[in-house]
Amino acid sequence: MSSPSDATAHDAHPHEHPSYVQHHFDTAAQQYDTAKLGMWVFIATEILMFGGLFVAYALMKAREPDVFIAGHHYLNKEMGALNTVVLLFSSLTAALAVRSSQLGKRNETSAWLVTTILCACVFLVVKYFEYSHKIEEGLLPGRYFGHPFFDMSAAPAFHEALPSRANMFFGLYFIMTGLHGLHVLIGMGILSWVLLRNIRGEFSAEYFTAVDLGALYWHLVDLVWIYLFPLLYLIG
Amino acid sequence: MSTHDEATLNTNYLTATKGWKSWAFTLDHKRIGLMYLVFVLAAFLAGGIFALLVRTELMSHGPTIVSGPTYNKLFTLHGAIMVFLFIIPSIPASLGNFILPIQLGAKDVAFPKLNLLSFYVYLCGATLTLLSIAHGSVDTGWTFYTPYSLQDPEAATKVLYMTLGVFVLGFSSILTGLNFLVSIHKLRAPGLTWTRLPLFIWGMYATSIMQVLATPVLAITLLMLVFERVFGLGIFDPKLGGDPILFQHFFWFYSHPAVYIMIVPGMAVVSELFATFSRRVIFGYFAVAMSSLGLALVGFIVWAHHMFTSGMSEFANMLFSALTFLVAIPSGVKVFNWTATLYKGSISFAPPMLYALAFLFLFTIGGLTGLFLGTLNTDIHLHDTYFVVAHFHYVMMGGTVIGFIGGLLYWWPKMTGKMYHFGGATVGAWLTFIGFNVTFLSQFVLGSRGMPRRYYDYLPEFESLHRVSTFGAYILASGLFTTAGVLIHSLAKGRAAGRNPWGSVALEWKTQTPPVFQNFEQTPIITKGPYDYHLASDEELVEDLYAPDAAE
Ligand SMILES: [Cu+2]
């Protein structure tokens, strides 16, 4: 994709390269490598950010294991497992979208992207049912624990089997899955934008950076969930 | 970018395109750098005014100009504004944005749109901070320690605004770091190998690594703090069964590296200054480059030295104390190598060099007094006293801010195309240096005698030293205002600066002053190191202070 001639330093005519190469890059390959490194660095920041939550989780779990064990029985393992399968499958379809884009198969790329986005929708619908159940039951963070629908005026309705510190467990549950859910939403936005550009015909076997990076981001979303699921749902 | 024609690309970046939109939506790293500079300096002014108010209040024993609660807000605002709105973005986002791509021989940073985004994210963060001030401001100190930051039910909105502001500012910092990191890897001009990189770039590289790896932890910490405040999570709040020490761990896991996010850029700047104004290659170039990375690495494993009196285990205290001494190694490498660079150098005392020398002097004091605080038994005595305040001001202000001003004076002619008045700048430098030492040397003494930090009032026997410190602050302010005046005057009345006012062999002086839109008309090819004065032709070393055609 990069002929030696367009890499020469004293190229006095910077506009001769393909339209998708931005002015401040010399070659398409340089632009691609730059974008890819940028995404990897960004993923590193995301991992560090979730890392903070995982550290808080680990410390609290080490100190108050009973609270976590008691709390986790109230999470719906079947729904969590379903979502894990859905996300793993969507990672596969995202990878297939990249593959077909690299081969220049535009329609196939669109189909895989749509599948990935649909999987994300399924994930969020399942999450919606999980969350609404928790809200009904009053399995809520902090001071809202035992107050269904965040209604502080009603008398508290506690689950007898749960220690009072379970409010901290559900707090962590909502922060961790909530932040992850936000990432699912952002990922859907990114993939939709990539889909739109693909339909417009902006990508080719030579230029598929956005598809590649969108999928890379989606794998991160998947990866975080792969850790969240066992740590929250399967600790008993 | 590609919409611009060849002629525009090779025109002075200040005049290449016109209208406010050409600034507000610019993707040019040089313009973004200048816009950052304006706001960063505004934050410096605001933080400085708060500092002067704090010092004035402390001039006399008993209430002087404000009430106790107001005083708490003043020092909180001074700290938060100086750290998050001024020092952290100061060198990277303003000078770095401008100079780094030029030193790389690149046309821009790797992701120009992210660069502009980072600027607007910074403005959003600043706005949230202002909203917090408008709601009456916070009095938690810049560290937002729990349970202080959770206690007062009436302070809820203000604390939320301030925390969210800092949270948002963190993203601006991450974006800058990410951009620089990738630019340094991928956009180096042909021939610009890693061992030919200017030390400014090496410093920015180490800084970027820390920004990218540490700031996300601050983000999640502040997010948890917001949740703690809104939902009563019970992770940090001891009243709810949480652990306030955990907050301190999280906070310092970011904020110790943040100290190096602040100081390493200062070191990066003065490395350039020492080479240029001694006309010598930096002694131990490779060691200095690696010491920046060393600081970045060590910076991640010493955070708990801020918590020796917080109630950690004895083992943790000992471990973090021992690790903290590692910091002395890369710091020492730098100081010794800079000093060795001066040896037999052909030194000129142009205004930027005065700041580099001041940096050497002040940073050494700041660094050495850090040893007293890293040592457990002395820290028990000195913790939370004015000794700590003096120590970190010697590093943060005597190091970073002095380095920032030195860099600003060094690159000012390149950035604005104007040369400033040397006499005025020299007076400003001396007033700043003297004022700074008067302000903070006295605080070392106060601290070692037991004056606690953050207190509104003190025992009568501390009054004389507080007076000295306050008068020092006024001298310091007069020095800074003199420098500001000199720079503003140069914009209005200064003569046009030449291409290479300092006779430096570094790459950024090879392009026009001010640079053209795309930095270089032709991509430069690098054939030697950034400080190879011994290889330079006489012609290269000519100091063309003023542009040849600049009429009086
Ligand atoms: Cu520290």
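Values quoted throughout were computed directly from the atomic coordinates according to the rules given, and no laboratory measurement underlies them. As the structure is a prediction and not an experimental result, all values here were calculated from the model. No Cβ is skipped: glycine too gets one built from the backbone with ideal geometry, and neighbour counts run over all protein chains shown.
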Next item on the list: Summarise the partner chain shielding of B:520-526 as one whole number: the mean count of Cβ atoms from other chains within 10 Å of each residue's Cβ.
Entry: 3
Notebook entry, point to check: Whole number please: convex hull volume per residue of the Cα set in the range A:129-226, in Å³?
Noted result: 110
Item checked: C-alpha long axis of helix A:166-199 to longest principal axis of chain A, angle in ° -> 20
Next item on the list: Would you mind checking A:105/A:127; A:36/B:334; B:113/B:510; B:30/B:418 for any pair whose Cα atoms are more than 25 angstrom apart?
Entry: A:105/A:127; A:36/B:334; B:113/B:510
Notebook entry, point to check: Rounded to whole Å and sorted largest first, what semi-axes of the equivalent ellipsoid does the C-alpha gyration tensor of the protein assembly as shown yield via the square root of 5 times each eigenvalue?
Noted result: 44, 38, 22
Item checked: Partner chain coverage, peptide B:107-118 - average Cβ within 10 angstrom -> 3
Margin query: Which log10 I(q)/I(0) values does the range B:32-535 give at q = 0.07, 0.13 Å⁻¹ under the Debye formula, counting every alpha carbon as one identical point scatterer?
Written below: -0.36, -1.31
Checklist line | Coordinate range along principal axes, alpha carbons of the range B:54-158, Å, largest first | finding: 57, 32, 22
Notebook entry, point to check: Give or take rounding to whole Å, what are the principal axis extents of the alpha carbon atoms in the range B:388-440, in descending order?
Noted result: 41, 19, 8
Item checked: Built amide H within the under 5 Å cut-off of residue B:546, gap 5+ -> B:498
Check: log10 I(q)/I(0), Debye, Cα-only the range B:122-196, no solvent, q = 0.14, 0.16, 0.17, 0.21 Å⁻¹?
Finding: -0.56, -0.63, -0.67, -0.87
Notebook entry, point to check: Assuming a viscosity of 1.002 mPa s and a temperature of 20 °C, what translational diffusion coefficient in µm² per second does Stokes-Einstein assign to the range B:457-548, Rh being the Kirkwood radius over Cα pairs?
Noted result: 124
Item checked: Furthest towards positive pole of dipole, B:320, A:109, B:69, structure part the protein assembly as shown, Cβ charges -> B:69
Next item on the list: Quickly estimate the mean residue ellipticity at 222 nm for chain B, helices only: each DSSP H run with n ≥ 4 gives -39500 (n - 2.57), and the total goes over all residues, rounded to 500.
Entry: -21000 deg cm²/dmol
Next item on the list: Provide the per-residue ³J(HN,Hα) series for the range B:309-321, in order, calculated from phi with Karplus coefficients 6.51, -1.76, 1.60 and θ = phi - 60°, each as a whole number of Hz, with x at glycine and proline positions.
Entry: 9, 7, x, 7, 5, 4, 5, 4, 4, 5, 4, 6, 5
Next item on the list: Set Lys and Arg Cβ to +1 and Asp and Glu Cβ to -1, take the dipole of the protein assembly as shown about its Cα centre, and tell me which of B:189, B:165, B:537 lies farthest positive.
Entry: B:537
Next item on the list: Enter the angle in degrees (range 0 to 90, nearest 10) between the Cα long axis of helix B:386-395 and the first principal axis of the Cα atoms of chain B, meaning the one along which they spread out most.
Entry: 10
Margin query: What does the net charge come to around residue B:247 if you take all other residues with beta carbon closer than 13 Å to its beta carbon, with K and R at +1 and D and E at -1?
Written below: -2
Check: Helix A:77-102: angle to the longest alpha-carbon principal axis of chain A, degrees 0 to 90, nearest 10?
Finding: 0
Note to self: What distance in nm lies between label points placed 7 Å from Cα along the C-beta direction at residue B:340 and residue A:73?
What the structure shows: 6.8
Next item on the list: For n ≥ 4 DSSP H runs only, could you compute -39500 (n - 2.57) per run for chain A, divide by its residues and tell me the 222 nm figure to the nearest 500?
Entry: -24500 deg cm²/dmol
Note to self: Give me A:217, A:131 sorted ascending by neighbouring Cβ count inside 10 Å, so fewest comes first.
What the structure shows: A:131, A:217
Item checked: Pairwise Cα inverse-distance average, inverted: Kirkwood Rh of the range B:377-516 (Å) -> 17.1
Checklist line | Derived scalar couplings ³J(HN,Hα) [the range B:137-146; Karplus, 6.51 cos²θ - 1.76 cosθ + 1.60; whole Hz; x for Gly, Pro] | finding: 6, 9, 10, 8, x, 6, 8, 6, 3, 7
Checklist line | Ascending count of other beta-carbon atoms within 10 Å, so fewest first, for B:455, A:32 | finding: B:455, A:32
Notebook entry, point to check: When the gyration tensor of the range B:1-130 is built from Cα positions, what are the square roots of 5 times its three eigenvalues, in whole Å, from largest to smallest?
Noted result: 39, 13, 12
Notebook entry, point to check: What residues qualify as long-range amide H neighbours of residue B:418, i.e. H under 5 Å apart, gap of 5 or more or another chain, H built at 1.01 Å from N?
Noted result: B:497
Note to self: Taking 2.2 N^0.38 Å as the expected size of a compact globular protein, what ratio does the Cα radius of gyration of the range A:47-235 give against it, to two decimals?
What the structure shows: 1.20
Notebook entry, point to check: Treating the beta-carbon of each Lys and Arg as +1 and of each Asp and Glu as -1, no other charges, what is the dipole magnitude of the protein assembly as shown about its Cα centre, to the nearest 20 debye?
Noted result: 540
